Amino acid sequence: MANPTDPLASRVHEVCAKRGHRPTELLQVLIELQDQEGWIAPQAIDALQMQLALPRSKIVAVASFYAFLNLTPRGRYQVSFSDNITDRHAGSLELCEQLCRELWVERGKVSEDGLVSVDLTSCIGLCDQGPAALINGRPLTRLDAARVSTIAGFIREGRALADWPTELFVVEDGVRRRERLLQPAFAPGEALAAAITRGAEGTLRELEASRLRGRGGAGFATAAKWSAARLAPGEARYVVANGDEGEPGTFKDRLLLARHPQELFEGMSIAAWVLGARQGLLYLRGEYRHLQAALEAVLHARRESGLLGRNILGVAGFDFDIAVHLGAGAYICGEESALLESLEGKRGTPRLRPPFPVTRGYLGQPTVVNNIETFCAAAHIVFAGAPNWTALGTAQSTGTKLLSVSGDCARPGIYEYPFGVSVADVLADCGAPEAQAVQVGGPSGHTVPRGQFARRMSFEDLSTAGAFLVFDQSRDLFEVARNFVHFFAHESCGFCTPCRVGTALLTNLMDKLAHGHGSPQDFARIESLNHELKTLSHCGLGQSACNPVLDGIAHFRPAYDRRLAHQAFVPAFDLDRALATARAMTGRDDPASHLERQG
């Protein structure tokens, strides 16, 4: 029991009691405590040790793993500018520096009065309306110098976010093209009723006939995954929706969560009917927290309508409900086993496989993990039938795919195409006649040069989770790859040495090239690092970290050759460059202050 004379301990007790004092709820407890206190204080960790019966080391390990959790005080206003490459190209770094100047705060630090902290963060899923940022979890879109000055003024005044003009927080849907998923199809409950009519086996047969493959990029057959979980031995089964689309340049799940939550929850409920699951979990990335209240309202309405809860649609024993669990800023949690670890209140470290989640997933029980788009597609198929779905797409890639189009194009946004559409057709639709390259699937995917724009979006050719980043002739593809490499190094969970060290080494090599110390030996080292990362890394993050660099060297070699200032090997550390700060502080720039100019 909390000490009644200690207000913080009492608040910790209340938060933990609300979640049944379950250690698996540690992440959710930490998020709620930070909401109340502004940070996670040592005294709060002391209280959590008692309330959740967890060692302090584990609590600190979890709290330090997630970017959105703070073990030190932060400002009352926390502004995080998206550092995705498209935001950078739109001027996000300059706007970040402008806000820091106007508020007299250093980036990455808290102002002396504790009012504000300003920093960068990874992609926040607003690439189609950037430059963008988050302020206390709320999105700020289409930023420019005038908007940043307005924001700085409101912060100086201490004005509550609720009193800020609503236009600062507008997030547009940005739908540019619709096919199956984005067209109105069925009323809440109709697809679930169709599944019940077919029965569990009949529903599986319909999904198998549709040849639906997971829309997360790997493309595993949905019917096979559900069938394996259904047949696996276990005391309980779980349905998990992966709403942690953290791949830079991807934002199509944001639209589905905001405008099509009924289809998502319908698909999850159909999976529960097939599996015999009683509990579903939506893992919502921390960057999309602003959608949580609306999602909870939809879930409440479904409970009121008999579409969640006990005896759903009057079927005795069909009991199923869905809970929303928040992430807290960790790209690696998009990997399904890392997501399950996070759901269990742990660090998001990928698991060794086998066993796979379909046999031993959440809490060690059979679990189906699909992304948002896959569950929505499953609901459409069960309602309209497999032939309606297979009428679109290709033999191995049936149906449609949502693309998140952003970058150097006139019409960024969400595009839904039948599988098999060419890169050139997408570029024509989004208004990008001068594109020199397209990043398909984000940094872990493929960099497609202009000479390959006839390639098609499909599992047979260019598979993708949905990112479609456009770069015109003005962009330096070396700097694009360098940004992606820094992203991978930042987001590595640190579990395995090949990824933890390898991504850091790759970052150092790219920085070395950028600073004019590159040599052919560095290219050879990049090649060997690629082999080590691909063959030794624990999960897909490390295995794909070299992809943007290797594609860059293969297709955009001049951008790299420009950095080859030396034919012989040159060390990365430049002592003269390291003394630049000292020269600036002393106001010197004469030859004697430079090592290479001395006589």
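Out of the residues in segment 458-508 meeting the condition of being touching a Lys or Arg at 6+ places or on another chain (Cβ under 6 Å) and touching a residue at least 60 places away in the same chain (Cβ under 8 Å), tell me which one is surrounded by the most Cβ atoms within 10 Å (Cβ to Cβ).
Looking at the filtered set, the residue picked out is 466.
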One residue is enough: does segment 514-526 have a residue meeting the conditions out of contact with any strand residue (DSSP E or B) (no Cβ under 7 Å at 6 or more places or on another chain), at negative phi, in a helix (DSSP H, G or I) and among the hydroxyl-bearing types (Ser, Thr, Tyr)? no
In segment 545-584, which residue that is exposed (fewer than 10 other Cβ atoms within 10 Å of the Cβ) and touching a residue at least 40 places away in the same chain (Cβ under 8 Å) is farthest from residue 524 (Cα to Cα)? 571
Out of 124, 40, report the one residue that is buried (at least 20 other Cβ atoms within 10 Å of the Cβ), not small (Gly, Ala, Ser) and not assigned by TED's automatic domain parsing to the domain that holds residue 22. 124
Residue 235 fails exactly one of the following numbered conditions: (1) among the acidic types (Asp, Glu); (2) surrounded by fewer than 22 Cβ atoms within 10 Å (Cβ to Cβ); (3) touching a strand residue (DSSP E or B) at 6+ places or on another chain (Cβ under 8 Å). What is the number of that condition? (3)
Output the residues belonging to segment 501-520 that are modelled with pLDDT of 85 or more and polar (S, T, N, Q). 503, 507, 508
Residue count, segment 417-443, condition surrounded by fewer than 23 Cβ atoms within 10 Å (Cβ to Cβ) and either assigned by TED's automatic domain parsing to the domain that holds residue 211 or under 19 Å from residue 219 (Cα atoms) (or both), comes to 6
Could you name every one of the helices (runs of 4 or more DSSP H) located completely within segment 1-95 that has at least 1 residues being under 25 Å from residue 495 (Cα atoms) and hydrophobic (A, V, I, L, M, F, W, C)? 26-37, 42-52, 56-65
Any residue at all in segment 429-449 that's at pLDDT below 95, out of contact with any Cys (no Cβ under 6 Å at 6 or more places or on another chain), more than 12 Å from residue 212 (Cα to Cα) and charged (D, E, K, R)? yes
Go over the candidates 145, 132 one by one and state the one that is at pLDDT 95 or above, outside the structural domain of residue 488 (by TED's automatic domain parsing) and closer than 21 Å to residue 286 by Cα. 132
Hey, could you check segment 8-33 for residues that are among the polar types (S, T, N, Q) and closer than 18 Å to residue 62 by Cβ and say which is surrounded by the most Cβ atoms within 10 Å (Cβ to Cβ)? 28
Quick check on my filter: what residues within segment 448-482 are in contact with a Phe, Trp or Tyr (Cβ under 8 Å, 6 or more places away or on another chain) and among the β-branched types (Val, Ile, Thr)? 480
Please tell me if residue 454 is assigned to a helix (DSSP H, G or I) and among the aliphatic types (A, V, I, L, M). no
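Conditions (1) in a helix (DSSP H, G or I); (2) under 13 Å from residue 382 (Cβ atoms); (3) touching a helix residue (DSSP H, G or I) at 6+ places or on another chain (Cβ under 6 Å), marked per residue:
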| site | (1), (2), (3) |
| --- | --- |
| 245 | no, no, yes |
| 267 | yes, yes, yes |
| 273 | yes, yes, yes |
| 277 | no, no, no |
| 282 | no, no, no |
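Matching residues to (1) more than 30 Å from residue 130 (Cβ to Cβ); (2) touching a Gly at 6+ places or on another chain (Cβ under 7 Å); (3) buried (at least 17 other Cβ atoms within 10 Å of the Cβ):
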| site | (1), (2), (3) |
| --- | --- |
| 157 | no, no, no |
| 163 | no, no, no |
| 168 | no, no, yes |
| 174 | no, yes, yes |
| 180 | no, yes, yes |
| 189 | yes, no, yes |
| 199 | yes, no, no |
Failed item, numbered, when residue 492 is tested on (1) among the hydroxyl-bearing types (Ser, Thr, Tyr); (2) out of contact with any Cys (no Cβ under 8 Å at 6 or more places or on another chain); (3) farther than 15 Å from residue 556 by Cα: (2)
Go through segment 250-266 and count every residue that is surrounded by fewer than 24 Cβ atoms within 10 Å (Cβ to Cβ) and closer than 13 Å to residue 186 by Cα. 3
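Taking the conditions exactly as written (buried (at least 21 other Cβ atoms within 10 Å of the Cβ), outside the structural domain of residue 483 (by TED's automatic domain parsing), touching a Pro at 6+ places or on another chain (Cβ under 7 Å) and touching a residue at least 60 places away in the same chain (Cβ under 8 Å)), does residue 274 satisfy them or not?
no
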Output for segment 299-336, where each listed residue is crowded, with 19+ Cβ neighbours inside 10 Å, part of a helix (DSSP H, G or I) and not acidic (Asp, Glu): 299, 302, 312, 331, 332, 333, 334
Would you confirm, using the coordinates I've provided, whether residue 216 is assigned by TED's automatic domain parsing to the domain that holds residue 231, touching a strand residue (DSSP E or B) at 6+ places or on another chain (Cβ under 9 Å) and either outside any helix (DSSP H, G or I) or exposed (fewer than 14 other Cβ atoms within 10 Å of the Cβ) (or both)? yes
Counting just the residues of segment 343-367 that are of a type in the set (A, V, I, L, M) and farther than 17 Å from residue 284 by Cα, which one comes out modelled with the lowest pLDDT? 352
Out of curiosity, is residue 203 assigned to a loop (DSSP other than H, G, I, E, B), in contact (Cβ under 8 Å) with a residue 24 or more places away in the chain and not assigned by TED's automatic domain parsing to the domain that holds residue 431? no
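The values are calculated or read from the model by the stated rules, or taken from the named source; none is laboratory data. Owing to the predicted nature of the structure, the values given are computational and were not obtained by experimental measurement. Cβ sites come from the backbone with ideal geometry, for glycine too, and all protein chains shown count toward neighbours.
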